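Structure first, then comments.
Where a number appears in this text, it was derived from the coordinates with a stated rule and is not lab data. None of the values given here were measured: they were computed from a predicted structure. Backbone-built Cβ (ideal geometry, glycine too); neighbour counts: all protein chains shown.
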Amino acid sequence: MNSPSIQLDVRLGRLALANPIMVASGTFGYAREMAGFVDFSRLGAILPKTITRAPRAGNAPPRTVETTGGMLNSIGLDNDGVEAFIEGQLPYLAGLKTAIIVSIAGKDYEEFLDLAARLDGQPGVAALELNISCPNVSGGVDFGTDPSMCEKVVHGVRQACALPVLAKLTPNVTDIAAIARAAENGGADAVSLINTLLGMAVDWRRRRPRLGNTLGGLSGPAIKPVALRAVYQVARAVTMPVVGIGGIATVDDCMEFLVAGATAVQIGTANFYRPTVSIQILDALPAAIAQLGARSVAEVVGTLQCGQSK
Ligand SMILES: Cc1cc2nc3c(=O)[nH]c(=O)nc-3n(C[C@H](O)[C@H](O)[C@H](O)COP(=O)(O)O)c2cc1C
C-alpha cells in the first residue's frame with residue numbers, strides 16, 4: 001500500500017516532521033498507554049497531555065459523556081505539573097524516535113513563560129504547543145480569544161525559549177482568523193486548530209447536567225465541518241503553516257484538511273475508539289495523494305478550488 005515515491009515530510013516553520021500525522025494532546029496520554037497499539041516511530045509527532053506549572057486536580061466527575069457523532073469532556077487539565085513531567089514522562093518520550101511536541105498551558109503570561117523556559121533545552125522536546133484554547137478551565141482561555149493577548153503570549157514564549165512554537169486555537173470565537181494573525185505576528189511557527197467546541201449535555205429526567213462541570217468541550221466527527229471551515233479561513237489569512245484538528249478518523253478526513261489548507265493534522269477522539277487510527281491513516285495517505293496526481297503532501301496543501309466547478 002505504501003507508495004515510496006510520495007514525499008510525506010512537512011515543515012512547520014522551524015520544525016521538520018517526517019510526515020503530517022500527529023496525535024492530539026489529551027487523547028494519547030503520555031504515549032506509554034498506547035505502546036501496544038502504535039509504532040510511535042512512524043508518527044509525525046506525539047503531543048502528550050497538556051501540562052501546567054503546578055499539579056492540577058482537574059474538574060469534578062463525570063468528566064466525559066458520549067454525544068451524537070462525538071463526545072464532551074471536561075477533564076480540566078488534570079496533570080501532575082511540569083517537574084513530574086520532566087522527571088517521570090519525558091525520559092520515556094525522548095526515546096521514542098518521533099518528534100515530541102509538548103503542550104503547555106498557563107493561567108497567566110508568566111506561567112506560560114516559566115514553562116517555556118523550563119522545557120527549553122530538555123532532551124527530547126522538539127517544540128511547544130501553547131494550549132491557549134482549553135474551554136474547561138477558567139483563566140488561560142483568554143489568550144485564545146483576545147488577539148492582543150495571543151500575540152503577547154506567543155511573542156513572550158518566543159523570547160523565553162529557542163523551541164519552535166505552535167499556538168493551539170479555540171473555535172469559540174467570532175473571528176478565528178484574527179486570532180491566528182495575532183499568533184503569526186507574535187512569531188508562531190504554526191497554528192493548530194481547533195480545540196474543542198464549548199457544549200453541554202442534559203439528563204432531563206434528573207434535571208441534571210451530564211458533566212460534573214456542567215459545560216465541556218465537544219470533539220469527534222461532529223465537529224469536523226467546523227474545524228474544516230476554521231482551517232480554510234485561517235490558511236487564507238496567514239502565511240505560516242496550519243495544523244488541522246477536529247473529527248479526523250479516516251484518510252479521507254485527513255485529505256479534506258490538507259486540501260482545505262492544513263500542512264499537517266492531529267488525530268484526537270478517534271484514538272479512544274480505534275487506537276491504531278493514526279497508523280491506518282498514514283498507511284493510506286500515499287495512495288490518496290497519488291490519486292490527486294501529486295507526489296508530495298506539499299503539492300496537495302491548500303489546493304481547494306472554490307467557486308463554479310468547470
Ligand atoms: C478527553 C479529551 C482531552 C483533551 N485534552 C486536551 C489537552 O489536554 N490539551 C489540548 O490542547 N487539547 C485537549 N483536547 C482537545 C484535542 O486535542 C482536540 O483538539 C479536539 O479533541 C478536537 O479533535 P478531535 O475531534 O479529533 O478529538 C482533549 C480532547 C479530549 C476528547
With the charge dipole of the chain built from beta-carbon charges (+1 for Lys and Arg, -1 for Asp and Glu) about the Cα centre, the Cα from Gly81, Val202, Ala288 projecting farthest to the positive end belongs to Val202
With the charge dipole of region 136-255 built from beta-carbon charges (+1 for Lys and Arg, -1 for Asp and Glu) about the Cα centre, the Cα from Thr174, Val231, Val153 projecting farthest to the positive end belongs to Thr174
The ³J(HN,Hα) series, computed from each phi in region 24-32 with the Karplus coefficients 6.51, -1.76 and 1.60 at θ = phi - 60°, rounded to the nearest Hz and given as x for glycine or proline, is 7, 4, x, 10, 9, x, 10, 6, 3
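For the chain, what proportion of DSSP beta bridges, expressed in % and rounded to the nearest 5, is antiparallel? Display every interim value, and only then the final one.
Numbers: 17 of 43 bridges.
Beta bridges within the chain, antiparallel portion: roughly 40 percent.
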Amide H neighbours of Val238 at under 5 Å, excluding residues fewer than 5 places away on the same chain, with H built from the backbone geometry, are none
Computed E for Arg32/Gln159 - FRET, C-beta separation, R0 35 angstrom, nearest 0.05: 0.60
Run the quick spin-label model on Tyr273 and Leu304: label points 7 Å from Cα toward the beta carbon, then report their separation in nm to one decimal. 2.4
How large is ³J(HN,Hα), in whole Hz, for each residue of region 284-295 in order, when computed from phi with the Karplus curve 6.51 cos²θ - 1.76 cosθ + 1.60 and θ = phi - 60°, using x for Gly and Pro? 8, 5, x, 5, 5, 5, 4, 4, 8, x, 9, 10
Once a ≥ b ≥ c are taken as the square roots of the eigenvalues of the Cα gyration tensor of the chain, is the result rounded (a/c under 1.5), prolate (a/b larger than b/c) or oblate (a/b not larger than b/c)? rounded
Based on the alpha carbon coordinates of region 1-71, what radius of gyration and maximum Cα-Cα distance (Dmax) apply, in Å? 16.3, 50
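I need the peptides 284-293, 167-176, 11-20, 60-69 ranked by packing, meaning the mean over residues of other C-beta atoms within 10 angstrom, with the highest value on top.
So the order, starting with the most tightly packed, is 167-176, 11-20, 284-293, 60-69.
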Final fewest-first order of Leu8, Leu193 on the 10 Å Cβ neighbour count is Leu8, Leu193
Using r as the Cβ-Cβ distance of Ser41 and Gln280, and R0 as 25 Å, what FRET efficiency do you calculate, to the nearest 0.05? 0.95
Using label points projected 7 Å from each Cα along Cα→Cβ, tell me how many nm separate Asp114 and Arg229, to one decimal. 3.9
Rounded to the nearest 20 debye, dipole of region 201-241 from Cβ charges on Lys, Arg, Asp, Glu: 260
Estimated inter-spin distance, Trp204 and Asp175, nm [label 7 Å along Cα→Cβ]: 3.9
Kindly put Thr98, Thr250 in sequence by how many other C-beta atoms sit within 10 Å of each C-beta, fewest to most. Thr250, Thr98
Residues with amide H under 5 Å from that of Thr67, placed H, sequence gap 5 or more: Leu72
